[in-house]
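The values are calculated or read from the model by the stated rules, or taken from the named source; none is laboratory data. For clarity, every value in this text was computed on a predicted model and none was experimentally measured. Here the Cβ positions follow ideal geometry from the backbone for every residue, glycine too, while neighbour counts run over all protein chains shown.
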Amino acid sequence: MMGEGDVNMTARRRFPSSAYRTALTQQVQRKLRKALESRSHRLECLRELFTDVALEVDARARDLLYKTDENALESATCKPGRGSKDSLCFYEVLAEHYAQVPDDGKEILPLFVQLWSQSFTSQIFALLFYQWLFEVATEESDGYIRYTTAFVEGANNIFWIDAQSNVRLFFPVYHYVFEIAMTSSHMNKLPVQARRDLVLLLSRFFFFYEPAHRLQDFLDHYPSFSSFGGEAADVFVIELTDQLQKVKVEPVLLHYLRCTKALEGVELQATTSTRLKTALYSFTSPGGPMYPTRPVRHAAWDTLDCLFPVGRLSRHIISLFFRLLHPYYWPVSFWNFVVNGVTAMLEQIYMVIYTICHWLFGSDHEALNI
């Protein structure tokens with residue numbers, strides 16, 4: 001994890017003032033006012049604004065937004081959490097600006113308050129003010145509790161957009177909160193309920209955004225709340241099992257199942273362990289209620305056998321028995337069995353031939369070299 005000094009340096013890096021960034025904030029304010037004044041087209045205006053701030057900044061626009069010198073431009077585009085310096089979205093530019101020039105957000109925040117009940121409002125707020133909320137806002141700010149609640153709601157919505165589309169457009173938001181808010185004193189100023197909801201939100205999308213090998217670091221920095229009712233690993237697994245039941249996109253579900261192997265060796269309460277085992281087992285059989293595809297079933301079996309090696313043979317025998325009770329699955333199962341058997345046999349034959357050839361011709365080749 002990043003050290004406290006690195007966190008503060010990243011969070012408070014200053015960029016030279018830019019008239020283009022100021023104009024960008026004025027455009028956002030204009031669209032919010034338009035949405036507020038136009039009741040019949042409010043949803044359309046907010047959807048358009050959400051789309052605009054999520055767009056990627058092209059090279060020419062980035063040069064204008066950070067137009068000073070090459071070093072400033074490099075620091076603006078090579079921040080921790082961004083996959084490539086060529087990847088930059090407008091919401092990242094605006095979020096940095098509002099954190100560094102909070103006065104430009106004072107006129108916009110009341111507009112958000114008046115539009116809270118509308119779709120896309122919390123998502124837009126989360127994108128534009130995720131840095132401001134942790135670096136600038138204080139508990140004495142008007143509507144601070146409302147801002148934190150809206151942020152958690154909006155962040156949840158945008159993360160689900162990524163998960164349902166199998167993209168990571170909003171990874172910078174997640175990574176910022178994960179690296180900065182979870183490892184600094186900025187997190188402590190949030191209301192207890194908002195802090196709790198935010199930690200649970202990070203747990204649900206951890207495997208989607210972060211590499212699995214960072215799980216232990218995450219658990220080590222997991223804040224303790226008495227209302228959680230369990231250790232960090234137990235709380236994390238409870239959120240993970242709920243997430244597994246909700247994910248419907250096959251590549252994302254496969255990714256979650258494979259990353260769940262990172263829980264190997266983690267101590268869990270008996271009830272939590274049973275909950276995880278039940279969730280994984282629900283993906284091992286075709287049909288309802290999950291209707292998993294064949295790759296999902298195999299991934300679930302692999303993860304289940306990895307985390308719970310005891311009883312592996314009995315589980316597979318019971319599963320086979322129940323498969324035999326459903327004759328309409330037999331043709332597909334038999335065909336897959338034949339294909340896998342033939343494939344494995346051909347691979348073995350190939351390996352034998354390769355070994356023999358290597359032993360015969362490889363030895364001659366070595367003799368010639370000598």
Residue in region 32-54 that is within 20 Å of Q131 (Cα to Cα), over 21 Å from the mean Cα position of the chain (by Cα) and modelled with pLDDT under 80 present: no
Residue count for region 220-248, restricted to those that are modelled with pLDDT of 90 or more and surrounded by 14 or more Cβ atoms within 10 Å (Cβ to Cβ): 13
Single residue of region 59-88 satisfying the filter (closer than 27 Å to V177 by Cβ and at pLDDT 50 or above) that is surrounded by the fewest Cβ atoms within 10 Å (Cβ to Cβ): D86
Residue selected from region 288-305 under the condition loosely packed, with under 15 Cβ neighbours inside 10 Å and not charged (D, E, K, R), by the criterion nearest to L254 (Cα to Cα): P295
Residue list for region 276-287, filter: crowded, with 18+ Cβ neighbours inside 10 Å and part of a helix (DSSP H, G or I): L276, A279, L280
When residues of region 293-324 are limited to those that are assigned to a loop (DSSP other than H, G, I, E, B) and under 26 Å from H213 (Cα atoms), the one modelled with the highest pLDDT: F308
Residue that is modelled with the highest pLDDT [pool: residues in region 104-141 that are of a type in the set (S, T, Y) and more than 17 Å from A155 (Cβ to Cβ)]: S117
Considering residues of region 146-156 that are under 13 Å from Y130 (Cβ atoms) and either outside the structural domain of T121 (by TED's automatic domain parsing) or of a type in the set (S, T, N, Q) (or both) only, the residue surrounded by the fewest Cβ atoms within 10 Å (Cβ to Cβ): N156
Filter result for T241 (closer than 18 Å to F206 by Cβ, touching a residue at least 40 places away in the same chain (Cβ under 8 Å) and β-branched (V, I, T)): no
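Conditions (1) closer than 20 Å to E48 by Cα; (2) aliphatic (A, V, I, L, M), marked per residue:
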site: A137; (1), (2): no, yes
site: R146; (1), (2): no, no
site: A155; (1), (2): yes, yes
site: F171; (1), (2): no, no
site: L190; (1), (2): no, yes
site: F206; (1), (2): no, no
site: P211; (1), (2): no, no
Flag if V167 is among the aliphatic types (A, V, I, L, M) and not in a helix (DSSP H, G or I): yes
Filter result for M187 (at pLDDT below 85, farther than 17 Å from W132 by Cβ and in a helix (DSSP H, G or I)): no
